[in-house]
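Everything on this sheet refers to the single structure shown next.
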Amino acid sequence: MTQTQVQSSPRMSTPVDAAIELLDISKSIDERAILRSVTATIPSGQFVTILGANGTGKSTLLKILSTLIPPSSGELRLFGQTATATSVDLRRRIALIGHQSMLYRDLSARENLELFAKLYGVANPTARAQQMLNVIGLSARSSDPVRNFSRGMIQRVAIARALVHNPDLLLADEPFAGLDAPSIDALEHLLAQLHEAGKTIVLVNHDIEQSLRIAEHAIVLRGGRVVVDQPTHRLYEREILSEVR
Amino acid sequence: MNAVLTLIAKDLRIEARNRQTLGLVMVLGILIITVLGLGLGTQNNVNGFSATAVLWVAYLFSGVLCFEKTMAVERNDAVLSALLMAPIDRGVIYLAKLLGNLVLILAVAAVVTPAGVLFFGFDLSAAPITFAGVMALSILGFAAIGTLFAAMVSSSRLQGGLLAMMIFPITLPLVLVSTQLMMRTFRDGLPVSAASVGVLVAFDLIFLTVSWLVFEWVLEP
């Protein structure tokens, strides 16, 4: 990826304002408890990583944060407002990068970006799509269908798609999965830039060392409960490993 | 409205590019007409009542395949999650999907119906506009239900069989009313009454309203 032109959030709050408030959130699926009484507050502009072993509810938590699924009980507040699936205005401020690309494989990179720019009501979607293509360094292949791209290129388009509406909150579910070393470096750099621009970032990641290095705060889940909620500079990889096992 | 048009344009662009849905659905529709033609015998002319029934078989099976294929586009690569996160009412997604499906099914009907006319020697000349109008109203209701249930079933592993099992019984009133109307028109030579058309319109309105209202509850990312 080239040097990005990340826009500072026009709605950026003061650092003490909460971007996310999880108030006693529980989630059960098919009568199996995935999350149990999760309570946490993430201030605006903070870069948080969520860690935990497989099946501890990290991705479920991210889906709840993105308003894709509702909690079974408890309350989610985003930017001071109660968030539900019908919170259309709140969704305008959120973006999700998932395991999968969330792109139409038969559309080109440009068409995907323009489509989502239009759906988010971005002024001049064509110009914004071109701007994002420049950011991810794929202008030369902007007309190729996404299905012809490599995993790394698809991930770059997926990130551009997520950022096309300049969200305040970026939720990333294992965005480094399947990327080669240069792409990982580029993505780390982009996340750092977004953080500097005042965006709130929530990163679910399996690589504990990497997470502790790039994020400023860590939440560790075990058995669907929060067992660690600390700034990363106070944590050691060994400490986290003992919690996630 | 802009979001609806944007999503319909997206669906049609994808279809124009890969031609997977329309091609498959048309082939299936023509195959059904052919099989029925061979089974029933093509020498005897079929009246409008039977014509409607034969065509309904082709529309129903082609429609189910169409609904599945168009919803699969949203399921691939979890793109539905991105769509659900967009700041648009989920009813907008339903309307766009419905209109996209309607365009495809009407395109199939535009090919399958003349094929049936040629194959079976249907004589629709007595009331071609009535035939087209009644079938279009019926297909609208069918598409309304099909779009809703395809979204519901798409998160299940059963898919194909389950979708047909759910849609066919619910569509039955539309099939019965339209075949009865065609029987009155082509066999008995009676004009289509406003009350009968009103029944079809009522079914359409109920199916459309209920589907639009519940769509957001059946969508799972």
Got a sec? Which of B:T21, B:T52 is surrounded by 15 or more Cβ atoms within 10 Å (Cβ to Cβ), in a helix (DSSP H, G or I), of a type in the set (S, T, Y) and more than 14 Å from every other protein chain (Cβ to nearest Cβ)? B:T52
Looking at B:L106, B:L124, B:L118, can you tell me which residue is surrounded by fewer than 24 Cβ atoms within 10 Å (Cβ to Cβ), touching a helix residue (DSSP H, G or I) at 6+ places or on another chain (Cβ under 8 Å) and modelled with pLDDT under 90? B:L124
What number of residues in the range B:65-89 are closer than 18 Å to B:V214 by Cβ and more than 8 Å from every other protein chain (Cβ to nearest Cβ)? 4
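A quick yes/no check of all residues on (1) in contact with a strand residue (DSSP E or B) (Cβ under 7 Å, 6 or more places away or on another chain); (2) more than 10 Å from chain B (Cβ to nearest Cβ):
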position	(1), (2)
A:L115	no, no
A:Y120	no, no
A:A123	no, yes
A:S139	no, yes
A:R156	no, yes
A:P175	yes, yes
A:P182	no, yes
A:Q193	no, yes
Got a number for residues in the range B:141-155 being of a type in the set (V, I, T) and out of contact with any Gly (no Cβ under 9 Å at 6 or more places or on another chain)? 1
Among the candidates B:N76, B:N45, residue that is assigned to a loop (DSSP other than H, G, I, E, B) and modelled with pLDDT under 90: B:N45
Since B:F186 meets every condition but one in (1) modelled with pLDDT of 85 or more; (2) surrounded by 23 or more Cβ atoms within 10 Å (Cβ to Cβ); (3) of a type outside the set (V, I, T), which condition does it not meet? (1)
For B:A58, all conditions in the list (1) within 14 Å of chain A (Cβ to nearest Cβ); (2) buried (at least 18 other Cβ atoms within 10 Å of the Cβ) hold save one; what is the number of the exception? (1)
Please enumerate the residues belonging to the range A:47-87 that are touching a Ser or Thr at 6+ places or on another chain (Cβ under 6 Å), assigned to a loop (DSSP other than H, G, I, E, B) and more than 14 Å from chain B (Cβ to nearest Cβ). A:S72
Any residue in the range B:78-94 that is farther than 15 Å from B:L5 by Cα, in contact with a Ser or Thr (Cβ under 6 Å, 6 or more places away or on another chain) and surrounded by fewer than 22 Cβ atoms within 10 Å (Cβ to Cβ)? no
Looking only at the range A:57-95, which residues are modelled with pLDDT of 90 or more and polar (S, T, N, Q)? A:S59, A:T60, A:S66, A:T67, A:S72, A:S73, A:Q81, A:T82
Going by what's in this entry, would B:A96 be described as of a type outside the set (V, I, T), in a helix (DSSP H, G or I) and either within 12 Å of chain A (Cβ to nearest Cβ) or farther than 23 Å from B:L208 by Cα (or both)? yes
For helices (runs of 4 or more DSSP H) lying entirely in the range A:130-245, having 1 or more residues that are within 26 Å of A:I20 (Cα to Cα) and modelled with pLDDT of 90 or more picks out A:151-163, A:181-196, A:208-214
Considering only the range A:110-129, I want to know if a residue exists there that is part of a strand (DSSP E or B) and either in contact with a Ser or Thr (Cβ under 8 Å, 6 or more places away or on another chain) or not small (G, A, S) (or both). no
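Only one residue in A:T41, A:T49 is surrounded by fewer than 16 Cβ atoms within 10 Å (Cβ to Cβ), modelled with pLDDT of 90 or more and among the polar types (S, T, N, Q). Which one?
Residue meeting the stated conditions: A:T41.
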Would you check which residues across the range A:99-113 are facing chain B (nearest Cβ under 8 Å) and touching a Lys or Arg at 6+ places or on another chain (Cβ under 9 Å) and list them? A:S101, A:M102, A:L103, A:Y104, A:R105, A:D106, A:L107, A:E111
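The values are calculated or read from the model by the stated rules, or taken from the named source; none is laboratory data. What you see is a predicted model, and the numbers here were worked out from it, not measured in a lab. Please note: Cβ atoms are built from the backbone with ideal geometry, for glycine as well, and neighbour counts cover all protein chains shown.
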